[in-house]
Each structure stands twice: as structure tokens, then as C-alpha cells.
Amino acid sequence: MSSFWHSAEQLKNNGESFVVITVIKTLGSAPQDAGAKAIVTKVGLHFGTVGGGKVEARAISHAQQILAMRQNCDPQLVTWNLQRDIGMTCGGEITYLFEFNNLSAWKIAVFGAGHVSQALCRLLINLNCQITCIDSRPEWIEKLPQAANLKTRLIDDPVAAAAELSADHYFVVMTQGHATDMPILKVLCSNYPQAPFIGAIGSQLKGRKLKKDLHEYGITEDILKKFQCPIGLNIGTNHPYEIAISVSAQLLQRRDQQLPLILETNLKFSESTLAEML
């Protein structure tokens, strides 16, 4: 079992969600003994075996569907009759326990560590997300709270940091103004056109100016339609925390809009994987 725990620990350290499948009991002829364990990630069987053949393929597919939902859920006990439910010639039954370990992080990159960013980070650290806050000013970076899910980057050139991220981030740009926003936005829109959210703080006038400059730089209309400036829902005042609440609400709204697309893609992947294994 040491290899099982080692595999689980590696996945946890990498922030990758997984499902542990355990054979709880068997009745009659079954392809695995009680106590057997397996680990399943979104790409399939990662470690161990809980049967083999059609029943293990069904168990893997069920685990992947749990992962695709991306929501915390209680452990599940499932009993399958191998003939009736699985289509195997064995005449027994097998009961599995499915335990979901949700480690997938909602990635948010915040450029700028000023007043609104300070408030935004203090709100977001209470959510199941992984935040990276980037700024070139040590005095502002030092004011950010300490939290396990908040990473700070003090870097002279935030544009270089933008190029080191990935398209699965939600990007929030709130630097000192247009001149420092633009170089970052050029990288974000060019490198990560499929990112679920790219937005900058500012007024309607600033938003029109940023879109004009980005268009002249070569960013397409399709990408600019998704670009947000101003950011935040139309609620509250200009108090930093009220702005932060409105931005947090918009990020949550966009995240939840993305979930059905992710779910549909992952379920299709699970179905194709099951077909290949059968």
C-alpha cells in the first residue's frame, strides 16, 4: 500500500484532483478481492486495479464522471451485478466505494497590488482558488495577506510574468494605469485568447481606449468582444472593497458559465475512454 499512498501524495502535491476506488465487498464470482484500491484522474487509471475488464472500465468511467462534475460530494457506495449491470459472464456482485479528492484549483492572476487588489485578494483567499498577485512594487506586495492559496510575485517586469502563465487562468489587470496595463494586455490577449476571463479595471472611456489600442496592435475582434473593461458587476460604490466584491461576483459568474462546457467535454472524454477499454 506504500505505492498507493505515494501516488496519492504526488497527485496532492501537484494539485490534481482524483478519485479513490476501493472494493468494499464481493458476492459470488468477482474479479477482485475486498480491499483492492485504484486511483483515477481525469485522464484515466493512475494507479492500482479494482477488477479488470468491463467492470473496471465502468468503475473508471464512473470516477471520471465524478471528476467532471468538479464539485465536492460525499463518498459513494455502488453495487453492480456483473451479469445484469455490466454484461460479464461472472455471476457475482461487487461493491465499490468512490471517494472524491477535489484538488483542482480555480486559477486567478491579478496584475497590480494596489488598494483594490489588496481588497480583492483578501476576498478571494476565502474561496477554493489559487491566486497569483504580480507587482513591481515591494511596498505593496508586502501588504498582501499570507495565505496558502495566494502566491505573490515581486518582479521588475510584470509583462515577463504574464508570458509565464497559462490559458486556464482568469486574468485581472489593475495596475497603475493605461501605460502599464497595455503591455500586459497585449501579452494576455496574444498568448491566451482562449482564457476564460481577461479584464482590466477602469472606466467605459478607458475600456474603449484599450480596445482601440489592442485592435491596432493586431488583436482580433473576436478576442476583444470577450475582453472586459470596466470589470465588475454594476453594483456598489468606488470603495475598494465594494469594487472587489463586484469583481469577485463577476469572476464567480464567469466561472459558473464555464462549468457546463467543461462538464460536457469531460463526459464526452469519459465515454470515449470507456468505449476504447471495452
Problem set entry | Whole-number percent relative contact order across segment 70-197, with pairs defined as alpha carbons under 8 Å at least 6 apart | 21 percent
Exercise. Relative to the first principal axis of the alpha-carbon coordinates of the chain, what is the inclination of helix 178-191, with its axis defined by its Cα atoms, in degrees from 0 to 90 and to the nearest 10?
Worked result: 30 degrees
For this session: With a probe of 1.4 Å, find how much accessible area the chain has per residue, and write the answer as a whole number in Å².
Result: 51 Å²
For this session: Give me the percent of the accessible area of the chain that comes from carbon and sulfur atoms, probe 1.4 Å, all protein chains in place.
Result: 51 percent
Exercise. Rounded to a whole number, what is D in µm²/s for segment 12-162 from Stokes-Einstein with the Kirkwood radius over alpha-carbon pairs (25 °C, 0.890 mPa s)?
Worked result: 135 µm²/s
Seminar exercise, completed: For the chain, percent of DSSP beta bridges that are antiparallel (nearest 5) comes out at 55 percent
Exercise. What fraction of the Cα pairs in segment 187-266, stated in percent, has a spacing above 15 angstrom?
Worked result: 62 percent
Exercise. Quick one: length gained pulling Asp33 to Ala160 fully straight, 0.36 nm per residue minus the C-alpha distance?
Worked result: 40.4 nm
Problem set entry | Relative pair counts by distance (%), Cα atoms of the chain, 5 Å bins | 1, 5, 11, 13, 14, 12, 9, 8, 7, 6, 5, 4, 2, 1, 0
Exercise. Given the Cα-Cα distance of Leu77 and Gln146 and 0.36 nm per residue of separation, how much length would full extension add, in nm?
Worked result: 20.9 nm
Problem set entry | Alpha-carbon spread of segment 110-221, three principal axes, descending order, Å | 40, 25, 25
Exercise. Taking the simple approach of a point 7 Å from Cα along Cα-to-Cβ for both Lys225 and His178, what is their distance in nm?
Worked result: 2.6 nm
Exercise. From the residues Cys129, Asn102, Ile66, which one has its Cα farthest along the dipole of the chain in the positive direction, the dipole being from +1 and -1 charges on Cβ of Lys/Arg and Asp/Glu about the Cα centre?
Worked result: Cys129
Seminar exercise, completed: Filtered hits (lysines, Cα-Cα < 18 Å from Lys151, offset >= 8 within chain) -> Lys12, Lys107, Lys143
For this session: Rounded to the nearest 500, what is the 222 nm mean residue ellipticity of the chain from helices alone, with -39500 (n - 2.57) per DSSP H run of 4+ residues and division by all residues?
Result: -14000 deg cm²/dmol
Seminar exercise, completed: One finds, for Arg137 and Ser190 with R0 = 25 angstrom and r their Cβ-Cβ distance, a FRET efficiency to the nearest 0.05 of 0.50
For this session: May I ask you to evaluate 6.51 cos²θ - 1.76 cosθ + 1.60, the Karplus curve with θ = phi - 60°, for each residue of segment 48-61 and list the ³J(HN,Hα) values in order in whole Hz, giving x for glycine and proline?
Result: x, 8, 10, x, x, x, 5, 5, 5, 4, 5, 5, 5, 4
Seminar exercise, completed: Mean separation of Cα contacts under 8 Å (at least 6 apart) over the residue count of segment 1-121, i.e. the relative contact order in percent, is 29 percent
Exercise. Over the chain, what relative contact order in percent results from Cα pairs under 8 Å that are six or more residues apart?
Worked result: 16 percent
Seminar exercise, completed: Within the under-11-Å Cβ sphere about Ile219, not counting Ile219, Lys/Arg +1 and Asp/Glu -1 give a net charge of +1
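The values are calculated or read from the model by the stated rules, or taken from the named source; none is laboratory data. Please read all numbers here as calculations on a predicted model, not as lab measurements. Don't worry about glycine lacking a Cβ; one is built from the backbone with ideal geometry, like all the others, and counts go over all protein chains shown. To get the accessible areas, we keep the full protein, side chains included, count just its heavy atoms, and leave off ligands, DNA and RNA. Shrake-Rupley method; radii C 1.70, N 1.55, O 1.52, S 1.80 Å.
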